[in-house]
Amino acid sequence: MLLDYFGKDKLVTEITDDDVAKLVAWRRGHHKFKSDTVSDLLSPFTVNHTVTTLRKLFTRCKLWGVRFGHEPRWSKHLLKVPVERVRELSDDEADKLDAVMRPDYAPFFAFARASGLRLAECLLRWSEIDWSARQIVKLGKGGKRVTVPLTPEIRDIIGPLRGHHPEFVFTYVPRIISTKDGNSRRPLTYVGIQSYWRQLRKVSGVTSFRIHDYRHDFATKLLRETGNLRLVQKALNHASIKTTTRYAHVLDSEVAEAMERVSQNRKLRNPQSEKLKIV
C-alpha cells in the first residue's frame, strides 16, 4: 500500500509532514471491498493503521542508524476514532425480527447471534466445519485463524442445512428459480445479506440495530454470564484485551453488588463500629 502510493524511488528520509497529510487524504478516499463489490469508505481506524505502519518504518530505520532531519509529527495525522457503541438485542426486538424473518435467511442470523462472528466470517463453507473435532475453523479479519466451538446450539442451526448446497452452508431460495445446475438454492453473499437486513429492519420496526451488533449482543451476554473478560476476548478472537474492555461496563452492576457484600461482611466482623455510629 505504501509502495503503491510513494513509489519505489521515494526515499524514507524525503517523506515530510505534507507527504503524510496527502497519504491520509488518499486513504480516506478508498472503499472497503466485500465480495468484489464496493462498500463503505474506509474507517478512521483503518486509515490510522496506514499511518502507524509508516511510522514503524521510520522507527526501524532509526534502529539501523538512519537520522531524520524533519520527521513527521505523527500524532497530528491520526484521525479521531469514535468510540464504538455496544448494543444488545432485547427479547422484544428479537421476537419482532423472528416474526417477519424469511425462513431461508433465519439460520444465518441465528448463527450470527450464537457465534459472535463478524458478518464476513459468518459466510461459511462446509469445508470449514470439522464435525469430528466439533469446531469451525476459518480465516477471519486480517487473515487470522478463527476457531469457533461447534456447540449444540450451532449444530442445531447448521445441521439441517446439509444437502442444500455442495459448498456453502447458508443459502436462499431466489424468486426466479433456475435448475440449470441442478440446485434451486443460491449462496448468501455479503452484499445480499446487507440488502435483506435493511428490508428486515424496516418491516420489523427494529431500529438502530446493525448486523454487527449481533456480535456486541453475543459479547455482552457472554460476559454477563461468565464475568470473564479473557474468555470473551478469546471468543471474539480479539488480538488485544484492550479491545474487549469496551464491554467491561456490563460488570458494573456486579461490581456494585460485590462491594456491597464486602461492606456487609465487614459490618458482621466488626459490629462495634456500628455501635460507635449510634453513640
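Structure notes:
- Binned Cα-Cα distances of the range 91-209, short to long, each 10 Å bin given as a whole percent: 12, 42, 34, 12, 0
- Selected from Val12, Val86, Val206 as most flexible by GNM, with the chain as the system and alpha-carbon contacts under 10 Å: Val12
- With a Cα cut-off of under 20 Å and a minimum spacing of 8 residues unless on different chains, the lysine pairs in the range 2-77 number 10.
- Listed residues Asp217, Asp95, Asp40, most fluctuating in the chain (Gaussian network, C-alpha, under 10 Å): Asp40
- The chain - charge dipole about Cα centre, Lys and Arg +1 at Cβ, Asp and Glu -1, debye rounded to 20: 700
- Computing Rg and Dmax of the Cα atoms in Å directly from the structure and comparing it against (i) 23.3, 95; (ii) 18.0, 54; (iii) 25.2, 91 singles out (iii).
- 17 Å tail of the calculated P(r), the range 2-77, as % of Cα pairs: 49
- Neighbourhood charge, 9 Å Cβ-Cβ cut-off, centred on His165 and excluding it, Lys, Arg +1 and Asp, Glu -1: +1
Every number here is computed from the coordinates shown, using simple stated rules; none is lab data. If you're wondering where the values come from, they're calculated on a predicted model, not measured in any experiment. Here Cβ is always computed from backbone atoms with ideal geometry, including for glycine, and neighbour counts include all displayed protein chains.
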